[in-house]
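The values are calculated or read from the model by the stated rules, or taken from the named source; none is laboratory data. Just so it is clear, the structure is predicted and the values come from calculations on it, not from any experiment. No Cβ is skipped: glycine too gets one built from the backbone with ideal geometry, and neighbour counts run over all protein chains shown.
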Amino acid sequence: MTETRRLTFYVNPLWRRVGFHTPLLNPWWGNPYEDVSVFAKQLFDANSFDTKYYDINDDIKMADMVLPPYPYVWYLRHNIALFNECVKTAREANLPLLIDGVGDIDYPIEIENAYVLRYGGYRFLQDPRRIQIPPLADDFLERYREGLFQIREKVSDKPVVGFSGWASLSPMQILRTVIKELPVRLRGVFDVRYRACTKGVLWRRKATNILKRSTLVNTNFQTRSSFSANVKTAHGDIRQLREEMIDTILQSDYALDVRGDANDSTRLFEILSLGRIPVIVDTERNFPFKDKVDYSSFALIVDFRDIKNLPERIAEFHKNILPEQFKQMQINARNAFVNYFRIDALMRHLVEELRARLSTSSPKEASYR
């Protein structure tokens, strides 16, 4: 196995402010989350990026890239002048930037010689600056089940599909959402790909309703009327709601995965952490590390245009899969999470991708205009 050479990021200590810095700096600046974000605090208290593959330095002559220390959305809301200073510093040193652009909205970043971390976006809207990473997900098997991986047997020809999460809206919420989405819905009339941009909870509502009406699958659903991972929005105790979600996933043959507000889903990687097979409704997603990871080895992927046939697709897949293949897919799911998507594994693959991008940049592409 080829050794991955460490990347060094320049971060000026004078750029530090009060705020939620990029998690890439957690090994040096600590975990900024407080108890109001219980699960995020737990995640970053227990997990860290592997600093064997990268470090930070306040000597720009020693750096490969410049790292603005806060997510781009923070700069937009609080201090765009500081972001511009980071860009100016990189330009003067003729170094590329790595920008934390993750968030539910992909705010445009039109900066030369920059690479932008994202976890949403759409395949049909290309962005050469994009570096796709997974949403940062906790290892549910380790945290909630003492690391005990129990493989589920294929015991019935009729599959059990599980889902627990936000999948219902009031009539007024639906109306407000549809009105807000009118521009993209109109574009979807002429280009069907834009229909993928519909709000995630509406896709979850549609998928769960289609599956509940079908006689081809058994459903194990707990549909909620609010986002249950935050104390400000959850209806009930968030720890109990999470336990119920985990039980639902583990007690199902397949776990339904549909996009969230961003065109991605933390749930996908939580499912993988538990070693269960996700059914991914693919809304033109950008899958992280897709050149390295064979998603078909652990997931059933159904295009959003085929969502009406979701029960048929799952039933046919389950009918044709052999018991040993069913077990192997669960093992593959767990292995993919541990080796690619878990925080301690993620940095190696991110650095490899950055190294590859930097090595193939032409002199014109690698300099500021």
Residue, nearest to Arg118 (Cα to Cα), within the range 42-99, restricted to residues that are touching a residue at least 12 places away in the same chain (Cβ under 8 Å) and hydroxyl-bearing (Ser, Thr, Tyr): Tyr72
Sole residue being touching a strand residue (DSSP E or B) at 6+ places or on another chain (Cβ under 6 Å), at negative phi and not assigned by TED's automatic domain parsing to the domain that holds Arg193, chosen from Val351, Val279: Val351
If the requirement is being free of Cβ contacts under 8 Å to residues at least 24 places away in the same chain, surrounded by 17 or more Cβ atoms within 10 Å (Cβ to Cβ) and closer than 24 Å to Phe163 by Cα, which of these qualifies: Val302, Val258, Val279? Val302
Conditions first: (1) touching a helix residue (DSSP H, G or I) at 6+ places or on another chain (Cβ under 8 Å); (2) crowded, with 17+ Cβ neighbours inside 10 Å. Lys292 passes all but one, so which condition is the exception? (2)
Name the pairs whose Cβ atoms lie under 6 Å apart, with the first residue in the range 207-225 and more than 16 Å from Ile249 (Cβ to Cβ) and among the charged types (D, E, K, R), the second surrounded by 16 or more Cβ atoms within 10 Å (Cβ to Cβ) and at pLDDT 95 or above, and 6 or more positions between them or separate chains? Lys212/Thr219
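Quick grid of which residues meet (1) farther than 22 Å from Thr8 by Cα; (2) buried (at least 20 other Cβ atoms within 10 Å of the Cβ); (3) basic (Lys, Arg); (4) in the same structural domain as Asn263 (by TED's automatic domain parsing):
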site	(1), (2), (3), (4)
Asp50	no, no, no, no
Pro69	no, yes, no, no
Asn94	no, no, no, no
Leu98	no, yes, no, no
Gly120	yes, yes, no, no
Selected residue (only one of Val116, Val102 is assigned by TED's automatic domain parsing to the domain that holds Leu350, outside any loop (DSSP other than H, G, I, E, B), in contact (Cβ under 8 Å) with a residue 24 or more places away in the chain and in contact with a strand residue (DSSP E or B) (Cβ under 9 Å, 6 or more places away or on another chain)): Val116
Being touching a residue at least 60 places away in the same chain (Cβ under 8 Å) and in contact with a His (Cβ under 9 Å, 6 or more places away or on another chain): is that true of Phe289 here? yes
State whether the residues of the range 212-223 include one that is in the same structural domain as Phe287 (by TED's automatic domain parsing) and among the charged types (D, E, K, R). yes
For Phe326, indicate whether it is outside the structural domain of Ile131 (by TED's automatic domain parsing), more than 30 Å from Ser214 (Cα to Cα) and not polar (S, T, N, Q). no
Kindly provide the set of residues from the range 249-264 that are among the polar types (S, T, N, Q) and either within 20 Å of Ile314 (Cα to Cα) or modelled with pLDDT under 95 (or both), ordered by number. Gln251, Ser252
Restricting to the range 122-144, count the residues that are surrounded by 18 or more Cβ atoms within 10 Å (Cβ to Cβ), more than 13 Å from the chain's Cα centre (by Cα), outside any helix (DSSP H, G or I) and not basic (Lys, Arg). 1
Looking only at the range 305-314, count every residue that is exposed (fewer than 14 other Cβ atoms within 10 Å of the Cβ) and of a type in the set (Asp, Glu) and tell me the total. 1
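Rundown of residues vs (1) assigned to a helix (DSSP H, G or I); (2) surrounded by 16 or more Cβ atoms within 10 Å (Cβ to Cβ); (3) polar (S, T, N, Q), yes/no style:
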| residue | (1), (2), (3) |
| --- | --- |
| Gly162 | no, yes, no |
| Met172 | yes, no, no |
| Leu175 | yes, no, no |
| Val178 | yes, no, no |
| Leu186 | yes, no, no |
| Trp203 | yes, yes, no |
